[in-house]
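Single-structure report; data block below.
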C-alpha cells in the first residue's frame, strides 16, 4: 500500500512538471504582448520597450521558465504583470467564490444523482424508470449557458426570489446573501452534472443488481430492492467516488462559463480576463494550481479506492 | 469559444423576455418626470462594460481608466464637460496670450489630496514636467510644445515653443492630471487625487467602489458611494437590472430598449458620442491600393442599415464626428450605391474579389454580418476573422497584416491618426499632414477647426477608410436616479452630480 502510494505520488509530481512545461509553452504560442496592451494604441516603440524591459519579457524562454519553476519551489507562484499582486493572493480571494460554488454544485449533483439514479435502476423497464432515464439524458445534453439563462428568467426576473447576478461585495460577512447569490449558479451546474452522474449511478446500480451476492441476499428472503440497498450500494458508492474525481474537473470547467454568465468574481472569470490581458505569469500560476488540484483529487480518489476495496489490494 | 453559446443564450433570453413582457400585459412606460428626494447616504450601482487592467493612469492605456478616474478621482487644471466644453477645475481661472505662447492658470487654494496633504503649486509644476519628460507616460508627447512650467505664488505659467491649439484640450485629459509630488501610493491598485470621490476599493474582476470625499474643495458629491460593476455581457446586465441589482447601465444594447423599459423602472437615454465605427483599409496592399476599389467598398455598404441594426447612432462619412471641431457632413462623398460600386470594381479590374475582415471578437457579429452581405452584393467575398484583442493588436495594429479591419475608435479629437503614416490606417497624404500641422499651430479656434475640416474632406475623398456609423452613448437609467451624464459616457463618466431617490 505504501509503495503504491509513493509510486502514485511520484507520478503526480511528474504530471505536474509536464503540465508546467506544457502550460508555459502553449501560452507562449498566443499572439499578443502584455507590454503592448499596457502601453495601448498610439504608444511609441520606446514606451513599449521600456515596459518590456521592466517586466523582464526580453529574457530567453528557458530562463523565464526556470525562473518560474525556481520561484514555485521556493513558494513563490509569481505575480501579476499588470497589478503586481501575487498570484496566490488573488487565487485565495477568488477561491472564496469558486470553492463554495463547486461544493454547492457537487451537493446538488449528488442529491439528484443518488436517489434518482438508484430509483431509475430499480424501476428499470417500468414507465417511471424509463421517464427518469430519458429525462436525465435530456438534461445532460442541455448547454450550461442556456440552463443558467432559463433559471435566471424564472427565479430572478420573474419570481424575484434570487439575485440574477453578482456576489455581495462584503463576501461571506453576510453568509445568507453570499449563499443566495451562489444558489442559481450552483443549481445550474449541479443539475446538469447531476443528470450526467445519475446515468452513471443507474448503470452502476444495474451492475450491482446482477452480482451474485445481491442475488444470494435476495434468495435468503430479502426483497430485491432491500438486497440492493443493503449489499449492492456500498459497491455502487465505490465506483461513484471514481466518477466524482472526474466530475471535479467538469465542475471547474462549468464554473468558468457560469461565472461569466452570473458575473461572479471567481477563479474562472479571473482566468478568462487574464488570458485576454495576456497576463501570462498569472495565467500560468492559476492553471498550474488548477491542474494540481485536479491531479491531487485523482490521487486521493485512487488511494481511497485501495483503502475501501480489498480486492484491489489483493491484486497487488 | 464562449461566443456561440452566449449568442444562443442571448437569443433565447430575448425570446423569453419577450414572452414575459407579453404575459404581463405590456405596461406602457410613461416617461413621467419623477420628483426625486435625494438621499445623501445613498449608494449607486452603475454597470460598466470594460474593466481596467490596472489603475495606473500614467502608464496604462485604455478608455476604461479615463472613464471613471478622471474628474471623479484625479483632476487637472482644466476639465471638459460631457458636451466637450473646456472649463476651469483645479485652476479657478486661466488666460491664453494672443500669440498662443503663454498659458496662465490661477491655482485654487485649499485643495486637499485624498491622503490629506495640500495641493501646492510645486505639485502642479512637478506633475506636468513629469508627464512631459517621461516618455513612457501616456500622452507625454501632448505636452511636447511646452517649453517651461513655472509657478509664482498661485499663478502657474506654461510657456510654449510654438502655438498649440490642442494644448488646453490635452490638459483636460491624462497629460494634465495633477498628482502629489513624492507620493508613495501604489498607483496600480490605489489612487490619491483631488477629486470629489476617493477610490475605496477595487475587487478585481468585479467592481470598483468610490466613496464621497468629505474634504472636497468644491461642491461635494451627492451620494455617499458609487459602485462600478463590470459586467460585459448585455443579457446578464439586463437580467441584473430587471432583478434590481443596478441603478444604471452604460454601454447598453439599444436593441434591448423595449425589454428594459417594459417594467417601467428604467428609461434608455441616447446621447451623442465620439465613437466612430471605423472600417480601416490597408491601402498599402493590393487591391486596396487602388482608390477605385476603396470607393467601391464604401459605396457598397448600406450605412443606414447598420445604424438601424444597432438600434442607435447616426451615419458618418468622414473621420471627424459631430461632437468634435472640424465636423462636416460628407455624405455626398461616397453615398450608398451598389450599382456604382460594381462599375468601379469592373473599371479597376477587380471583380470576384476575396477579402478578409479582421476584427476583435468582442464587437459581436451585427456589423460584420451586414458587411458580408453588402459586399457580397457587389461581388466581393468577405471572410470574417474575429480574433482576441491581443491578436488584433499584434496582426493588425503592429504588423499591419490585414485587408480590412473594423474598430470602434472612441477617443474624442483623434484626427492625428490620419496625419500619421505609421499608424495602422496606413494612410499617407502630405497635404493632410500639412493641414493638420497648421491646424495645431493655429492660434485661432475657428481657423484651427476649419483647417481640420479641409483635411477631413481630403481623407474622405481619398477613401482612406470607411466610417460605418457614429455611435450613440446608450445608458439605461432607473427612475430613482438623476444627474447621470448621457453624452460620451464611454470616454468620461462624471458621477459627482448623480442623485439617488430616498424612496
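The values are calculated or read from the model by the stated rules, or taken from the named source; none is laboratory data. Remember, predicted model here, so these are calculated numbers, not experimental data. So basically every Cβ, Gly included, is an ideal-geometry build from the backbone, and we count neighbours across all protein chains shown.
Given the conditions (1) under 30 Å from residue B:164 (Cβ atoms); (2) in contact (Cβ under 8 Å) with a residue 12 or more places away in the chain; (3) buried (at least 18 other Cβ atoms within 10 Å of the Cβ), which single one is not true for residue B:393?
(2)
So is residue A:36 within 11 Å of chain B (Cβ to nearest Cβ) and in contact with a helix residue (DSSP H, G or I) (Cβ under 7 Å, 6 or more places away or on another chain) or not?
Here the answer is yes, as residue A:36 does meet what is asked.
Report the residue count in segment A:40-57 for those that are more than 9 Å from chain B (Cβ to nearest Cβ), outside any helix (DSSP H, G or I) and over 16 Å from residue A:27 (Cα atoms).
The total comes to 1.
When you look at residue B:203, is it within 14 Å of chain A (Cβ to nearest Cβ) and free of Cβ contacts under 8 Å to residues at least 24 places away in the same chain, yes or no?
When the stated conditions are applied, residue B:203 passes them.
What helices (runs of 4 or more DSSP H) completely inside segment A:206-291 contain at least 2 residues that are more than 30 Å from residue A:166 (Cα to Cα) and either touching a residue at least 40 places away in the same chain (Cβ under 8 Å) or out of contact with any helix residue (DSSP H, G or I) (no Cβ under 6 Å at 6 or more places or on another chain) (or both)?
On the way: elements: A:212-219, A:224-227, A:233-261, A:267-277.
Fully inside segment A:206-291 and qualifying: A:212-219, A:224-227, A:233-261.
Given the options A:144, A:152, A:187, name the one that is within 13 Å of chain B (Cβ to nearest Cβ), under 15 Å from the mean Cα position of the chain (by Cα) and within 23 Å of residue B:205 (Cβ to Cβ).
Exactly one residue qualifies, and that residue is A:144.
Give B:140, B:165 a once-over and let me know the one that is touching a helix residue (DSSP H, G or I) at 6+ places or on another chain (Cβ under 6 Å), buried (at least 19 other Cβ atoms within 10 Å of the Cβ) and away from chain A (no Cβ under 14 Å). Steps first, please.
Working: B:140 fails: away from chain A (no Cβ under 14 Å).
Of B:140, B:165, the one residue that is touching a helix residue (DSSP H, G or I) at 6+ places or on another chain (Cβ under 6 Å), buried (at least 19 other Cβ atoms within 10 Å of the Cβ) and away from chain A (no Cβ under 14 Å) is B:165.
Would you mind finding the one in B:317, B:327 that is closer than 20 Å to residue B:283 by Cβ and under 23 Å from the mean Cα position of the chain (by Cα)?
B:317
Within segment A:107-122, is there a residue that is within 14 Å of chain B (Cβ to nearest Cβ) and touching a residue at least 60 places away in the same chain (Cβ under 8 Å)?
Looking through segment A:107-122, none of the residues is within 14 Å of chain B (Cβ to nearest Cβ) and touching a residue at least 60 places away in the same chain (Cβ under 8 Å).
Among (1) within 13 Å of chain B (Cβ to nearest Cβ); (2) farther than 24 Å from residue A:278 by Cβ, there is one condition residue A:11 misses while meeting the rest; what is its number?
Result: residue A:11 passes all but (1).
With the requirement that a residue be touching a helix residue (DSSP H, G or I) at 6+ places or on another chain (Cβ under 8 Å) and not in a strand (DSSP E or B), what does segment B:67-97 give you?
Scanning segment B:67-97 gives B:77, B:90.
Quick check on segment A:26-40: of everything there that is surrounded by fewer than 17 Cβ atoms within 10 Å (Cβ to Cβ) and within 14 Å of residue B:394 (Cβ to Cβ), which residue is farthest from the chain's Cα centre (by Cα)?
Here the residue is A:31.
When you look at residue B:297, is it surrounded by 23 or more Cβ atoms within 10 Å (Cβ to Cβ), in contact with a strand residue (DSSP E or B) (Cβ under 9 Å, 6 or more places away or on another chain), part of a helix (DSSP H, G or I) and touching a residue at least 40 places away in the same chain (Cβ under 8 Å), yes or no?
Yes, satisfied.
Could we say that residue B:499 is surrounded by 22 or more Cβ atoms within 10 Å (Cβ to Cβ), farther than 27 Å from residue B:299 by Cα and in contact (Cβ under 8 Å) with a residue 60 or more places away in the chain here?
Judged against the criteria, residue B:499 is not a match.
Answer with yes or no whether residue A:11 is closer than 30 Å to residue A:302 by Cα and exposed (fewer than 12 other Cβ atoms within 10 Å of the Cβ).
Answer is no for this residue.
Name every residue in segment A:39-83 that is touching a helix residue (DSSP H, G or I) at 6+ places or on another chain (Cβ under 7 Å) and over 25 Å from residue B:423 (Cα atoms), in order of residue number.
A:55, A:61, A:65, A:68, A:69, A:77, A:78, A:79, A:80, A:81, A:82
One line per residue, one yes/no per condition, for (1) part of a loop (DSSP other than H, G, I, E, B); (2) away from every other protein chain (no Cβ under 11 Å):
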{"residue": "B:222", "(1), (2)": "yes, yes"}
{"residue": "B:227", "(1), (2)": "no, no"}
{"residue": "B:238", "(1), (2)": "no, no"}
{"residue": "B:263", "(1), (2)": "yes, no"}
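When residue B:47 is evaluated against the numbered criteria (1) within 14 Å of chain A (Cβ to nearest Cβ); (2) part of a loop (DSSP other than H, G, I, E, B); (3) buried (at least 22 other Cβ atoms within 10 Å of the Cβ), which criterion, by number, is the only one it fails?
(2)
Looking at B:172, B:198, B:209, B:189 in this structure, which one is modelled with pLDDT of 95 or more, within 12 Å of chain A (Cβ to nearest Cβ) and within 25 Å of the chain's Cα centre (by Cα)?
Exactly one of B:172, B:198, B:209, B:189 is modelled with pLDDT of 95 or more, within 12 Å of chain A (Cβ to nearest Cβ) and within 25 Å of the chain's Cα centre (by Cα), namely B:209.
Which of the residues belonging to segment A:155-178 are free of Cβ contacts under 8 Å to residues at least 24 places away in the same chain, over 21 Å from residue A:191 (Cβ atoms) and more than 7 Å from chain B (Cβ to nearest Cβ)?
A:168, A:170, A:173, A:174, A:175, A:176, A:177
Looking at B:180, B:184, which is the one that is in a loop (DSSP other than H, G, I, E, B), over 16 Å from residue B:68 (Cβ atoms) and at pLDDT 95 or above?
The unique qualifying residue is B:180.
For segment A:122-133, what are the residues that are at pLDDT 85 or above and either surrounded by 15 or more Cβ atoms within 10 Å (Cβ to Cβ) or under 27 Å from the mean Cα position of the chain (by Cα) (or both)?
A:132, A:133
Taking segment B:98-115 only, how many residues are buried (at least 19 other Cβ atoms within 10 Å of the Cβ) and either part of a strand (DSSP E or B) or without any contact (Cβ under 8 Å) to a residue 12 or more places away in the chain (or both)?
3
When you check residue A:90 against the structure, is it exposed (fewer than 15 other Cβ atoms within 10 Å of the Cβ) and at the interface with chain B (Cβ under 9 Å from one of its Cβ atoms), yes or no?
On the way: exposed (fewer than 15 other Cβ atoms within 10 Å of the Cβ): no; at the interface with chain B (Cβ under 9 Å from one of its Cβ atoms): yes.
It is false that residue A:90 is exposed (fewer than 15 other Cβ atoms within 10 Å of the Cβ) and at the interface with chain B (Cβ under 9 Å from one of its Cβ atoms).
For segment A:272-281, how many residues meet the condition of being surrounded by 23 or more Cβ atoms within 10 Å (Cβ to Cβ) and either farther than 14 Å from residue A:82 by Cα or within 19 Å of the chain's Cα centre (by Cα) (or both)?
1
Counting just the residues of segment A:93-106 that are more than 12 Å from chain B (Cβ to nearest Cβ) and touching a residue at least 24 places away in the same chain (Cβ under 8 Å), which one comes out surrounded by the most Cβ atoms within 10 Å (Cβ to Cβ)?
Of all residues in segment A:93-106, those more than 12 Å from chain B (Cβ to nearest Cβ) come to A:95, A:99-106.
Next, from what is left, pick out any that are touching a residue at least 24 places away in the same chain (Cβ under 8 Å): A:95, A:100-102, A:104-106.
Values: A:95: 15, A:100: 18, A:101: 30, A:102: 23, A:104: 19, A:105: 27, A:106: 20.
Taking the candidates together, the pick is A:101.
With the requirement that a residue be under 24 Å from residue B:321 (Cα atoms), in a strand (DSSP E or B) and within 13 Å of chain A (Cβ to nearest Cβ), what does segment B:386-422 give you?
B:405, B:407, B:408, B:409
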